[in-house]
Amino acid sequence: MTGSAQNDLQRFLFDFVESPEDLRILAWFRHFDERTFATEAQVVKATGVQDLIVVEVLERLVVKGVLEREGNSPVAFRYAPPNRELSAELDVVLERCSASLMDILRIMSANSIERVRLAALRTLADTLRVRGPRRR
């Protein structure tokens, strides 16, 4: 895999996938009929992911613009990426998973560390902004 392709893969995972469960659910929706909505219970049954985690992942994927939510009771979701490029990128990720799941897990682990680092930097910046610079 070229450096550019590796960077694209890492960026996609950073932007859309926070956990192996995210990837499993996203993969299921990618291969599910895009015109059909699925309930949380259907996603739990199909993916084997615990229901509380499914709820979190579905909400996260809606916020990220990959899934669309419909209805109130029961709430249903469908794969609705904003463009074809996202689906193509997801297909590359899923192919890479088939070839080397460990590579994907390493990238996801590094991304998790980066998210924590960025959150700490934001917190520090916010703290400094509120307190202002030190005066001597």
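What tally of residues in the stretch 21-34 results from selecting those that are modelled with pLDDT under 85 and assigned to a helix (DSSP H, G or I)?
Looking only at that region, the number is 0.
Evaluate the following for Glu59: is it free of Cβ contacts under 8 Å to residues at least 40 places away in the same chain and under 22 Å from Val116 (Cβ atoms)? Break it down into steps so the answer makes sense when it comes.
Details: free of Cβ contacts under 8 Å to residues at least 40 places away in the same chain: yes; under 22 Å from Val116 (Cβ atoms): yes.
Spelling it out, Glu59 is indeed free of Cβ contacts under 8 Å to residues at least 40 places away in the same chain and under 22 Å from Val116 (Cβ atoms).
Taking the condition in contact (Cβ under 8 Å) with a residue 24 or more places away in the chain, assigned to a loop (DSSP other than H, G, I, E, B), among the charged types (D, E, K, R) and crowded, with 18+ Cβ neighbours inside 10 Å, does Glu18 pass? First the steps, then the outcome.
Numbers: in contact (Cβ under 8 Å) with a residue 24 or more places away in the chain: yes; assigned to a loop (DSSP other than H, G, I, E, B): yes; among the charged types (D, E, K, R): yes; crowded, with 18+ Cβ neighbours inside 10 Å: yes.
Yes.
How many residues are modelled with pLDDT under 75, part of a helix (DSSP H, G or I) and among the hydrophobic types (A, V, I, L, M, F, W, C) if we restrict to the stretch 1-15?
Count: 1.
Conditions tested, residue by residue: (1) at pLDDT below 80; (2) in a loop (DSSP other than H, G, I, E, B); (3) touching a Gly at 6+ places or on another chain (Cβ under 8 Å); (4) surrounded by 14 or more Cβ atoms within 10 Å (Cβ to Cβ).
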{"residue": "Val62", "(1), (2), (3), (4)": "no, no, no, yes"}
{"residue": "Leu86", "(1), (2), (3), (4)": "no, no, no, yes"}
{"residue": "Val92", "(1), (2), (3), (4)": "no, no, no, yes"}
{"residue": "Ser98", "(1), (2), (3), (4)": "yes, no, no, no"}
{"residue": "Asp103", "(1), (2), (3), (4)": "yes, no, no, yes"}
{"residue": "Ala110", "(1), (2), (3), (4)": "yes, no, no, no"}
{"residue": "Pro133", "(1), (2), (3), (4)": "yes, yes, no, no"}
{"residue": "Arg136", "(1), (2), (3), (4)": "yes, yes, no, no"}
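Which of the numbered conditions does Ala46 fail, given that it passes all the others? Conditions: (1) among the aliphatic types (A, V, I, L, M); (2) at pLDDT 90 or above; (3) crowded, with 18+ Cβ neighbours inside 10 Å; (4) under 14 Å from Phe32 (Cβ atoms).
(3)
The values are calculated or read from the model by the stated rules, or taken from the named source; none is laboratory data. Source: prediction; values computed, not measured. We place every Cβ from the backbone using ideal geometry, glycine too, and count neighbours over all the protein chains shown.
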